[in-house]
Amino acid sequence: MCSCTCKSINGACKMSDTPIAEMSFEQAMNELETVVTNLEGSQVALDESIAMYERGAALKAHCEAKLKAAEEKVAKITFGNDGQPAGLTPFDN
């Protein structure tokens with residue numbers, strides 16, 4: 001039995017019906033962990049494993065995009081001579 005919040009079917013977790021684009025970083029990471037656990041446990045049929053892998057790849061890309069956006073926001077913070085945040089500057093790659 002899984003310890004996540006997904007729907008359990010025969011001991012394996014069923015993925016969320018929530019569109020990935022609507023998920024927060026945390027929701028996507030939780031579901032990605034569930035995908036990995038299910039795939040490692042070999043508790044699902046081949047066709048379902050392929051669908052889970054594809055959803056996992058999409059979840060990974062979503063998490064990477066969310067992290068990049070957060071990284072860009074942090075990179076924009078500038079500090080004054082006293083070491084205190086002084087404002088924001090444009091992010092350059």
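The values are calculated or read from the model by the stated rules, or taken from the named source; none is laboratory data. In this text, all values refer to a predicted model and were calculated from it rather than measured experimentally. Counting neighbours? That spans all protein chains shown, and the Cβs are built from the backbone with ideal geometry, glycine included. Note: accessible area is taken over every heavy atom of the protein model, side chains too, but ligands, DNA and RNA are not part of it. Shrake-Rupley method; radii C 1.70, N 1.55, O 1.52, S 1.80 Å.
Scanning region 8-37 for residues being over 14 Å from the mean Cα position of the chain (by Cα) and either at pLDDT 90 or above or in a loop (DSSP other than H, G, I, E, B) (or both) gives a total of 4. Looking at the structure I just gave you, is Lys76 modelled with pLDDT of 90 or more and among the basic types (Lys, Arg)? No, not satisfied.
Here region 38-72 is the region considered, the condition is being assigned to a helix (DSSP H, G or I) and of a type in the set (Ser, Thr, Tyr), and the residue that is modelled with the lowest pLDDT is Ser49.
Within region 66-87, can you find the residues that are small (Gly, Ala, Ser) and surrounded by 10 or more Cβ atoms within 10 Å (Cβ to Cβ)? Within region 66-87, Ala69, Ala70, Ala75, Ala86 qualify. Give me the pairs: first residue in region 37-65 and over 18 Å from Pro19 (Cα atoms), second residue part of a helix (DSSP H, G or I) and open to solvent by 40 Å² or more (accessible area, probe 1.4 Å), beta-carbon distance under 8 Å, and six or more apart or on different chains, which are they? Taking only residues 6 or more apart or on different chains, the pairs are Leu39/Tyr53; Ser49/Leu39.
Figure legend. Inter-residue proximity from region 66-93: first residues within 28 Å of Ala28 (Cα to Cα), second residues at pLDDT 80 or above, beta-carbon distance below 7 Å, spacing 6+ or different chains. Indicated pairs: Lys66/Phe25; Phe91/Glu72.
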